[in-house]
Every structure is written in C-alpha cells, then in structure tokens.
Amino acid sequence: MDSWARFACEPRTPVSPRDSARTHRLPSRGGWLDRLKNGLKKTGNSITTVFTGTQIDDALYEELETALLLADAGVPATEFLLNDLRRRVKEARATDPAQVKTLLQDAIADMLAPLEKTLVVGVYHPTVIMVAGVNGAGKTTSIGKLTKHFADAGASVLLAAADTFRAAAREQLAVWADRNQVEIISQQGADPSAVSFDAVGAGRARRKDVVLVDTAGRLPTQKHLMEELTKIRRVVTKADITAPHEVLLVIDGNTGQNALAQVKAFDEAVQLTGLVVTKLDGTAKGGVLCAIAREKPIPVYFVGVGERLEDLQTFKAREFAQALVG
C-alpha cells in the first residue's frame, strides 16, 4: 500500500464503505519523482557526467568514485558500490557507459532497500511518536506535515509541545495544530518530560490514534540536552510501558556526512526507529543515504525536497536511486 502511513486501527464507529474510503484517502504521489529528481539535481548531475564518455575503463570507475565521495556517500558505501557495480557490469557483459549508469541505479536501489519501511500507526492506542533533531533541520515543520497526512489517512492526532524552552517552537507547533484542527498539549516553561507524560495520558484518555512529541532541537555534543532527551524517553515509557512506539530523527540532507554522525549519536541516546530526511533540494550531498544504509541502516520513513506539503513523501529506494543517479 503506497501511503504516508499504514493506518491499522479499526474505525471506532461503523462507517459505510464510501465514507471509509473518503476517511482513508491518501495523498497522491503524482509528480513526486520529478520533484525528487529536481531536488537531487546537483547530486545527480555530478554523477551523470561520469557516463558521458564512450568507454568502460578504470578512468570511468575512478571518476565515479570521486563523484560518489563528493556526494557524501562515504568511503565504505562507495567501495561497496564500486565492487558491486564491477560485478554487475561483468555479469551483464555491458559495453556502453549508459548501461553502467542503469546498473549503478540498480546497485544503489539494492543498497537502499533495507531503509524502505512503512510507518505503521494504529497497532497501539495511542501510537506515541517522539521526534528529535538539531536546530534548523526542519523538525517542527516536518511534524506539522506528518500531522496533516496522518489526519488525511483517518488518524486522530494529539501534539505535545515538549520543546518548552523555545517559545517560537511552541507557537509554530500551535499554528500547525490550528491549521490541522488537532489538539495540542503545551505548557510554557514546563519540564519537557512532564509535558510528554501529560500528553501520553491525554492521548489515551481522549482515545487518540497518534501522539506526536516535539522535542527541543539539540546538537549531539550538548550533553545535558541529550540527557534531557533520554529522560523524555524514560518518562514516556512510565506513562505507557509500550511507548514510545517510534523515535524519529529529522536530519537536514545538506549536512552530508554530519547527518550520519547525528544518526549515530541520537541512536545511542534514544534508540532511533526511523529517519525523516529533509531539505534534499539544493544539496549535492544526497549520497549520504548510501552512507547511512552501509554504516547505520535505520529506516528512512520520509524524504523532503521543499516547503510544500506534498514535498515530503514516503521513501522509496528505487525512486531515490533513479533521482540520485540522474
């Protein structure tokens, strides 16, 4: 099922098939591949130029190695891809660089395939999703977009403004709550863990399908803030022994290899279950997903290439490989 999230819970009141279809209607992916290709144009162009020659030789592989490293695919992923590509070229008896380009798409798609996973909500009531990330990664905006699409899929959502120290974050989240007509738990100056605890309890009492917890932006080097994030996770578990059911990290695609470092640090602190990769448009570092797949294969639930609602979509390995290679 091609969707933002598989909404697994049963309707709480009987609905007709026609009403059910309307309730669970999902956003169209029409034009998404074009937007993704356009967003990854800088990365794709640098790789595509490698295949403008007429020979498959060592020079081609050397140029491809440079292009992949510049795209922040990282050394382990680049070495693996080149070895895998040489094998595929030999088995296919390819003689044209254009064939090599297609085989590279296949190799990248296979490498990224383990990252492709559907975010499931509705198994738990509520499904509690913690969202973390560094300042500027697009965390709160991503939460707003996810809220809209969960709602479009028929799920009731409660937001928790656990970024209590930054008024702008609470205000921004409140705007998304108002826009999407969902409830929000927000307390100025309150302890983030307390807000999270209250939100999980409120979500259960109000029979919500999803509780989205927005945490304060932080750098992995800010030890006290990372400890606070760990505390929020512990307190959420006290509110619901099965929670959090998902711990998502929003990462800025422009940061390249630094994004991989963030993934490793946040995973160590709070045991990540998924990633949201934003701002891939305008970057030449789209290869970082290859690095993540090779070194820290945490599922990528969503990728974003712009500010519009439709510019954040579920991650598909084959689509991304096609856009990445150009």
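A simple spin-label model places the labels of Q222 and K264 2.2 nm from each other, with each point 7 Å out along Cα-to-Cβ. Farthest towards the positive end of the charge dipole of the chain, among the residues P220, T48, A168, is the Cα of A168, using unit charges on the Cβ of Lys, Arg, Asp and Glu. Here the mean projected area of the convex hull built on the C-alpha positions of the chain is 16.9 nm². Other residues with beta-carbon under 14 Å from the beta-carbon of E227 carry, at +1 per Lys or Arg and -1 per Asp or Glu, a net charge of +2. Normalised by residue count, the stretch 83-228 yields a Cα convex hull volume of 167 Å³ per residue. Placing unit charges on each Cβ (+1 for Lys and Arg, -1 for Asp and Glu) gives the chain a dipole about its Cα centre, and among V263, M130, S196 the Cα reaching farthest toward its positive end belongs to S196.
Exactly which trypsin sites (Lys or Arg not before Pro) in the stretch 191-292 are in a DSSP loop and have at most 15 other Cβ atoms within 10 Å? Counting only loop positions with at most 15 other Cβ atoms within 10 Å, the trypsin sites (Lys or Arg not before Pro) in the stretch 191-292 are R206, R207.
Taken over the stretch 186-326, the convex hull of the Cα atoms encloses 134 Å³ per residue.
All of the numbers you see were taken from the coordinates with simple rules; none came from a lab. All figures in this text were calculated on a predicted structure; none of them were measured in a lab. Don't worry about glycine lacking a Cβ; one is built from the backbone with ideal geometry, like all the others, and counts go over all protein chains shown.
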